[in-house]
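In what follows, a single structure is set out as structure tokens and then discussed.
Values quoted throughout were computed directly from the atomic coordinates according to the rules given, and no laboratory measurement underlies them. Because the structure is predicted, anything quoted here is derived from the model rather than measured. Heads up, the Cβs are rebuilt from the backbone with ideal geometry, glycines too, and the neighbour counts pull from every protein chain shown.
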Amino acid sequence: MTVATHPKTAEEAAAILARGQVCALPTETVYGLAADATNWAAVGQIFSTKKRPRFNPLIVHVLDAAKAVDVVQLDNCAARLMEAFWPGPLTIVLPSAAHSRVAKNASGGLSTLAVRSPAHPLFRAVLEDWNSPIVAPSANRSGRLSPTTAAHVIEEFGGGVPVLDGGPCEAGVESTIVSLTNSRPTLLRPGAIPAEKIEAALGHPLLAPGGGIEAPGMMTSHYAPTARVRLNAKEAQENEVLLGFGGTPEATLDLSPDGDLSEAAANLFAYLRRLDALGRPIAVAPIPDKGLGRAINDRLRRAAAER
């Protein structure tokens with residue numbers, strides 16, 4: 001594979017998108033494989049590069065709510081969530097706007113689009129320079145561990161994908177996804193904003209998803225290392241390595257010795273990559289299923305699912 005020339009600035013990254021090519025960009029969650037959302041061929045290149053199923057929709061990234069109206073139909077609830085959490089790691093699923101220029105293959109055949117406004121300054125600088133929506137799923141091969149550093153992206157694609165290096169991602173897990181297409185807001189994917197905070201902003205609980213692929217990250221097997229993963233482990237069995245939490249005795253790596261869920265989320269994918277490189281099954285200690293723990297456990301359950 002030809003080694004890519006990596007952009008050094010947001011302007012250089014935007015120029016790559018303008019040529020109809022893909023470029024990995026940093027976000028506050030994970031690195032995304034970005035392309036011009038209005039270019040059918042460029043969007044198709046994301047699916048082929050990632051080997052991603054065509055029915056799995058992409059997230060459309062915009063600068064702010066004013067740009068979101070070019071993509072989706074907003075309502076009062078959407079406006080309230082955008083005001084509370086944008087820019088930031090909240091993705092909102094809404095009906096596609098009739099005048100939207102987003103390529104049809106970005107939606108996975110749905111009449112809705114998932115949209116968010118990223119907080120990372122480099123991604124925002126690319127959006128400002130490009131002045132058009134960008135699709136950017138995680139910059140990995142479909143189903144694999146998400147990348148949280150530029151080095152992870154280069155490792156994943158053998159250096160064949162250009163990467164704008166923005167340092168390690170702060171959150172370490174993907175955005176929370178909420179659908180506003182039903183009678184009440186529905187949590188489709190736990191993520192970097194705990195559901196409890198969204199429910200507090202709304203004044204009522206979020207519904208659980210009804211089934212089917214309505215947004216990215218909803219496939220049963222996803223975010224997976226090569227190694228087998230065993231959850232809720234008190235200790236490692238023969239030949240296993242142990243991913244601990246909260247000071248787990250004899251852990252090979254500990255997501256957060258102090259039991260900090262934010263630290264654990266930030267370390268999750270990077271630590272799974274490090275353990276996967278050892279070539280042994282991975283046992284994972286119990287993680288509290290509250291706050292960011294819900295997102296961590298969601299990723300771990302999908303990593304441990306039968307493939």
*Identify all lysines with a Cα-Cα distance to residue 290 below 28 Å; exclude those on the same chain that are fewer than 8 residues away in sequence.*
197, 234
_Around residue 15: net Lys/Arg minus Asp/Glu count, Cβ-Cβ under 13 Å_ = -2
*Pop out the ³J(HN,Hα) list for the stretch 179-184 in order, Karplus 6.51 cos²θ - 1.76 cosθ + 1.60 with θ = phi - 60°, rounded to Hz; leave Gly and Pro as x.*
9, 10, 9, 9, 5, 9
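Would you kindly state the longest site-free stretch of the chain, with sites defined as GluC sites (Glu not before Pro) in a DSSP loop (not H, G, I, E, B) surrounded by at most 11 other Cβ atoms within 10 Å?
Values: sites that count: 238, 250, 306.
The longest uninterrupted stretch comes out as 1-237.
Show me the trypsin sites (Lys or Arg not before Pro) within the stretch 1-110 that DSSP assigns to loop and that have at most 13 other Cβ atoms within 10 Å of their Cβ. If you can, show how the numbers build up before the last one.
Details: sites: 8, 19, 50, 51, 54, 67, 80, 101, 104; in loops: 8, 19, 51, 54, 101.
For trypsin sites (Lys or Arg not before Pro) across the stretch 1-110 that sit outside H, G, I, E and B with at most 13 neighbouring Cβ atoms in 10 Å, the list reads 8, 19, 51, 54, 101.
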_Relative contact order for the chain, counting Cα pairs under 8 Å that sit 6 or more residues apart, in percent_ = 20 percent
*Against the longest alpha carbon principal axis of the chain, how many degrees, from 0 to 90 and to the nearest 10, is the axis of helix 76-85 turned?*
50 degrees
*Tell me which residues come under 5 Å, amide H to amide H, from residue 254 once H is placed; ignore anything under 5 positions away on its chain.*
244
*What's the tally of Lys pairs in the stretch 1-107 whose alpha-carbon atoms lie under 25 angstrom apart, where the two lysines are 8 or more places apart or on different chains?*
4
_Point-charge dipole on Cβ atoms (K/R +1, D/E -1) for the chain, about Cα centre, debye to 20_ = 980 debye
*Any idea what log10 I(q)/I(0) is at q = 0.25, 0.28 Å⁻¹ for the stretch 196-264, Debye with uniform C-alpha scatterers and no solvent?*
-1.06, -1.16
*Classify the stretch 234-307: rounded, prolate or oblate, from the alpha-carbon gyration tensor (a ≥ b ≥ c, eigenvalue square roots; a/c under 1.5 rounded; otherwise prolate if a/b is larger than b/c)?*
oblate
*Using Cα pairs under 8 angstrom and six or more residues apart, how large is the relative contact order of the stretch 238-282, in percent?*
36 percent
*Taking a spot 7 Å from the Cα of residue 199 along the direction of its beta carbon, which residues of the stretch 273-301 have an amide N less than 15 Å from it?*
289-295
*Just how far, in whole angstrom, is the stretch 238-263 from the stretch 178-208 if you go by their alpha carbon centroids?*
29 Å
*Percent antiparallel among DSSP beta bridges with both residues in the chain, to the nearest 5?*
50 percent
*Work out the charge dipole of the stretch 152-279 with +1 on the Cβ of Lys and Arg and -1 on the Cβ of Asp and Glu about the Cα centre, then indicate which of 158, 269, 208 is farthest towards its positive end.*
208
*Return one number: the angle in degrees, 0 to 90 and rounded to the nearest 10, between the long axis of the Cα atoms of helix 261-276 and the longest principal axis of the Cα atoms of the chain.*
70 degrees
_Under the Debye formula (equal points on every Cα, no solvent term), log10 I(q)/I(0) of the chain at q = 0.06, 0.07, 0.16 Å⁻¹_ = -0.18, -0.25, -1.32
